[in-house]
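Below is one structure, written out as structure tokens; the observations come after it.
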Amino acid sequence: MNHTLHCFRTIFGVALFALIQSSCLKQSCEKLVPAKLYRPVYLPLAEIRSAVKETGPQPISQNGKIYLYGNYIFINEVGKGIHVIDNADPKNPNVVSFINVPGNTDLAMKNNTLYADSYIDLVAIDITNPRQAREVHRVNNAFPRVVYTFNFAQSDSLGVITGFTEKDTVYHYNCNSSNPQILDRYFDSYSNSLSIANSSSQQAPQAIGKAGSMATFGLLNNHLYSIAGFTATTFNVTQSARPQREKKLDLRAFAETIFPYKHYLYMGGPTGMAIYDAINTDTLQFKGIYQHIKGCDPVIVENDLAYVTLRSGAICNTNTENVLDVLDVADPTNPKLMKSYGMSGPYGLGLATDKKLVVCEGVNGMRLLDAKDPLNISTIQLVTSVAPTDVIHEGNDIVLLVGNDGLYQFDIKDMRHPNLLSKINFSPKSL
Amino acid sequence: MRLRYILLFLALAAGHESIAQTKHGVYGFAEGGVSVGENTNFIARAAVGYRFAYQWQVGLGAGLNAAFARHVPLFTTVRYDLTKKKSTFFLIADGGVTMPWLMDDQWPDGNSKANKQHWGKYLQGGLGYRLNTGDGAAFTFAATYMHSGFKLEYLYYGSSNDYKYVFNQLGFTVGFFF
């Protein structure tokens, strides 16, 4: 019996000692935070810089920026390249080629040279024969390097970030640690989209071409302006085929769209429309701003009148009204609201010289308005069979519309009875 | 120091001899003591059950663990006497669930009450000694290892943050068996 007890005491003592010394006696409280982990996907710079080439016609899978140049329509497929459409006959447009431009978001043209962004570079492409487009010049590192959340950035060794892989994860934190810094490992790709853009003027000579009102590249007086947020990058395009990077300029207001007119640049942004004087190419002189609560607002200008659309909704993160504002910009330092008109959900807009105003209302259709009297603009027709987001006028009577499902051309000579001339189908995309 | 006294008491108790137990019948016990781990706190448990085949006791019990996040174990208990004597060592094996019962100042996340409380598991094993006091009653002394845990859930705009509690403790209890 004594031997048994001795054994018990020994075993018990050893076990007790081991347990007290070991991690078997841990008490813990862990905070479990579900999160999504985003890891950047890199594309080497060498691969990007050797990829620009004409590849033959491709199906258009999503709408992007549109550009009209002579008898050709150019539509960018965001991130991939540019479709070229022969539009000599608006009733029978024909997709003739696709120019592969990785990371492309916008475009502009001058004297048979197409300027396109390719991630961090600006590429000049000779389109004398659009079916045999070829890169003629490249401005390396033309655009500000995009720094993503938590200092993810493209680099010379890894390349540019082309996307993010997403993975669900759960982070574990000690409950006693105050305010766990979960964000140091949480990457939100939603706010990390690369947006480098472009635009051009409806008043520009034909050698330049026309961009939609949503453009972020703008051509004015031998200078190409590219806006991205609070920054404008300028290029000298006096020699069309050899653009030279000039400056990076700071903007007073966040800019999403640009519209050059006379020697001014009108920039639409989430908080208002800002006007800059570009007569001095060394700088952009801020002249004035028309501020509103918040909204998405492309802008066009014609004869001291600016037309701005404001759209509410999830994408714009606003609750503002859907309106068309007409502004008096005769004094650029003091743009004045003349009148607001209720809209359904306006995107881009375009104005013909005979004051036919077209407002793209997204899923609500194409709104045709008579804008002869800016104080009495009236809707002539609302075409609900289309869902356009941007528009370019081809003269006074034909409009080119890009929407979620295709590229439309309408004859609007009789605005009460617009006539669909043609449609090139896209694969569906939600607006 | 406290641990040393407990070990000494158990050692002394081990030398006590007594007569054989009853064959079967209803039994109960209530115990209280301390748990030793990263923190030391009060614990208590009680159970009722049925005794059979001289050495086996099976019952249902509830307890209280006043840890830094108070909780209540609900468990099935099985005890096996190592001998048929009235005073004897016995083995303990408990299993069940742990129900969170936090005090107001124990809630995490700004001391706000969790949106959901999830019960967790409760496991306990150990060794005890029953010291007969006559008429089938006895004092008990037990040393056990306990593993338990539970989870609290806070909801945020369609997502949730969970707080997972785990307790690994040694328990030393003194109780009364009847």
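Tabulated data
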quantity	calculated
Residue list for segment B:100-119, restricted to those being buried (at least 17 other Cβ atoms within 10 Å of the Cβ), hydrophobic (A, V, I, L, M, F, W, C) and within 21 Å of the chain's Cα centre (by Cα)	B:Leu102, B:Trp119
Residue match in segment A:49-63 (condition: within 17 Å of the chain's Cα centre (by Cα), among the hydroxyl-bearing types (Ser, Thr, Tyr) and at pLDDT below 90)	yes
Those strands (runs of 3 or more DSSP E) lying entirely in segment A:363-431 with at least 2 residues in contact (Cβ under 8 Å) with a residue 40 or more places away in the chain	A:366-370, A:388-394, A:398-403, A:406-411, A:419-425
Selection from segment A:241-263 of residues that are open to solvent by less than 40 Å² (accessible area, probe 1.4 Å) and not aliphatic (A, V, I, L, M)	A:Pro243, A:Thr257, A:Phe259, A:Pro260, A:Tyr261
Residue check for B:Ala138: within 19 Å of the chain's Cα centre (by Cα), assigned to a strand (DSSP E or B), over 22 Å from A:Leu25 (Cβ atoms) and more than 14 Å from chain A (Cβ to nearest Cβ)	yes
Residue match in segment B:150-166 (condition: at the interface with chain A (Cβ under 10 Å from one of its Cβ atoms) and basic (Lys, Arg))	yes
Candidates B:Tyr122, B:Tyr163 - the one that is surrounded by 15 or more Cβ atoms within 10 Å (Cβ to Cβ), in contact (Cβ under 8 Å) with a residue 40 or more places away in the chain, closer than 18 Å to B:Asn41 by Cβ and of a type outside the set (Val, Ile, Thr)	B:Tyr122
Matching option when the condition is closer than 30 Å to A:Thr353 by Cβ and at pLDDT below 80, among A:Ser177, A:Ser195, A:Ser199	A:Ser199
Unmet requirement for A:Phe187, which otherwise passes all of (1) open to solvent by 70 Å² or more (accessible area, probe 1.4 Å); (2) within 22 Å of the chain's Cα centre (by Cα); (3) at pLDDT below 50	(1)
Any strands (runs of 3 or more DSSP E) falling wholly within segment B:47-110 and containing at least 2 residues that are within 12 Å of chain A (Cβ to nearest Cβ) and touching a residue at least 60 places away in the same chain (Cβ under 8 Å)	B:88-100
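The values are calculated or read from the model by the stated rules, or taken from the named source; none is laboratory data. Only a predicted model underlies this, so the values are computations on that prediction, with no experimental measurement involved. Every residue, glycine as well, gets a Cβ built from its backbone with ideal geometry; the counts of neighbours run over all protein chains shown. Just so you know, the surface numbers come from the protein's heavy atoms only, side chains and all, with ligands and any DNA or RNA stripped out. Shrake-Rupley method; radii C 1.70, N 1.55, O 1.52, S 1.80 Å.
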